[in-house]
1. So how do B:VAL215, B:VAL61 line up by other beta-carbon neighbours within 10 Å, fewest first?
2. What is the magnitude of the charge dipole of chain A about its Cα centre, with +1 placed on the Cβ of each Lys and Arg, -1 on the Cβ of each Asp and Glu, and no other charges, expressed in debye to the nearest 20?
3. Looking only at other chains, what is the average number of their beta-carbon atoms within 10 angstrom of each beta-carbon in A:145-151?
4. If I model a spin label as a point 7 Å beyond the Cα along the Cα-Cβ vector, how far apart are those points for B:ARG245 and B:ASP138 in nm?
5. Per the helix-only calculation at 222 nm, which mean residue ellipticity applies to the protein assembly as shown, given -39500 (n - 2.57) for every DSSP H run of n ≥ 4 and division by its residues, nearest 500 deg cm²/dmol?
6. Quick one: angle between helix A:139-151 and the longest Cα principal axis of chain A, in degrees between 0 and 90, rounded to 10, please.
7. Quick check on the exposure proxy: order A:SER138, B:SER159, B:SER179 from fewest to most C-beta atoms within 10 angstrom.
8. Rounded to the nearest Å, what's the spacing between the alpha carbon centres of segment B:48-97 and segment A:1-78? Just the number, please.
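A short reminder: the numbers here are calculations on the coordinates, not readings from a lab. All figures in this text were calculated on a predicted structure; none of them were measured in a lab. Heads up, the Cβs are rebuilt from the backbone with ideal geometry, glycines too, and the neighbour counts pull from every protein chain shown.
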Amino acid sequence: MSDFTVEAIELTRLYGGRAAVSEVSFNLARGQVLGFLGPNGAGKSTTMKMLTGNLAPSLGSVKICGIDMIENPKEAKKLIGYLPEMRPLYKEFTVDEYLTIAARLHNVPGKQIKKAVETAKARCGLGHMSKRLIENLSNGYQQRVGIAQAIIHNPTVVILDEPTVGLDPIQIRDIRTLIKEIGQEHSVIVSTHILPEVEMVCDHVQIIDQGKLVFNGDIDVLKRQRMGNKLLLGFNNMPEVAAVAKIKGVAEVELTEENMMRVAVAEGETPHESIVKASVRNGWGLYQIAPDQTSLEDVFVQLTYQDGESAAEETAA
Amino acid sequence: MVISIARKELKSMFSSPMGWIILALLMFAFGTYYLNGINNYFEVMSGAIRPAERVGVTQFVGQTVYGLASFLMLFAVPLLSMRLISEERRNQTLPFLFSAPLSLIEIVVGKFLGLVAFLSILILYIGVMLSTLNLWSDIDFGYILSNSLGLFLLLASFSALGLYFSSLTSQPVVAAILSFIALFVLMILDRFFAGDPSSTMAQLSFMKHFQSFAVGLIDTADILYFVLFIITFLILTIRRLDADRLRG
């Protein structure tokens, strides 16, 4: 037995001769929310299908709470709740009917089905939609039904494939809160290509590109990259690049657009105040100083468009 | 677990108008033939003077109704079976079943039983309808039982074949047409080999085996034929779905 809820061991999936996913290994502990990042076609969904037993891996194995998915699929699947990318909804049923079927198929004991359905509806904010046909629900509500279906049997591992696609901002916020909430008791794997989302809900991140895992680590590593590393400055009277570069703690200066520059901060330094003081002293007319919001995307681009291994090392350092 | 799937299939059959309409139309057709059968019985029997020409009312009316049933079901079963798997494929709802703690055998058998349960409603209806003849006559319940069993096995075989064709494609209509053609060929196969009663090909025909039930004879060889036919197509369906998981 191990403490990990999900263990993926060198998962490989070949389509013809091409590897859609190759040698992906990772572990997930209870109470962790894992964000699965990657550009389109990187192999996120394929990996998730293998984790949930919808697709047989060509090589490697998956263990859910120590139970092997290939040798003992029934036991392993009991512990998983899965929302695929395309919502698997039977549109001819009402929300209640559909969730009852989901509960029954997931071995929820007869007497507890009603309670399980009520709880799942309450958690996903579906209470007032009980008697509506799924077909007539809006996109966002259908997505909620999809999530309710995945958590109805109180699984140890919840796997959600792009749960916030196509939702309006308020619904996205609700669903993120829900994911966080689920993440407190269960292990959650969320795939997405929206970077800020990962930062908001996940405490562990994996970046996958062309079937290979290029980054696997704590969200803090990425956060530090984003928050502490670079500053975006705006001046009314553009100073010399060299003058800014002289300020203590500034490692690198780069001009971006008109009257803006991006400043890389040296490790462990906070040059913010010095920059403001210098601006006041020299009359640069500072009107903006902010952490560079694009840098997480930069990290992502860096990781996915460089050679995998060196990028992973760079980020981890 | 098998029951849960069967219940789900039954429920979805009745949640669309399709199930109700097919049920209503078929019952209307059977009812009409039943009434016609009774009317004709008196006309024909009053003309039949020699004892050899006389048949019982159960057989006379039963023949028309069960004959019609086996023929009409040729159209009805593909229409009902087409959506079992291909629609799930098209709506991408199969992962819902695959990620639940169910084996493929349970999924396939459950779907099969769901459809068979639906069709059993019709068989039961025909049985009850013919039994009402007993109100004014003394009817042959053995004949009704054997025909019901025959029809049940026939329809179950239709369903198994329809289920298999439904698993091959993601277009329900294609599944319906394919299974109709296959069923039709299997139905009339014995006519092509009518000249040679010992032909192996003729033995494959549904009609060849249904006929003994139709005259009131329950033969284990015929039961075995239907059971083997059903098992074969259920296994083929399971293998087809397993290929999905392996090949993706």
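1. With the sparsest Cβ surroundings first, the list reads B:VAL215, B:VAL61.
2. For this selection, approximately 1360 debye.
3. Rounded to a whole number, the mean comes out at 1.
4. 5.8 nm
5. One gets -18000 deg cm²/dmol as the mean residue ellipticity at 222 nm.
6. That works out to roughly 70 degrees.
7. With the sparsest Cβ surroundings first, the list reads A:SER138, B:SER179, B:SER159.
8. Going from one Cα centre to the other spans 46 Å.
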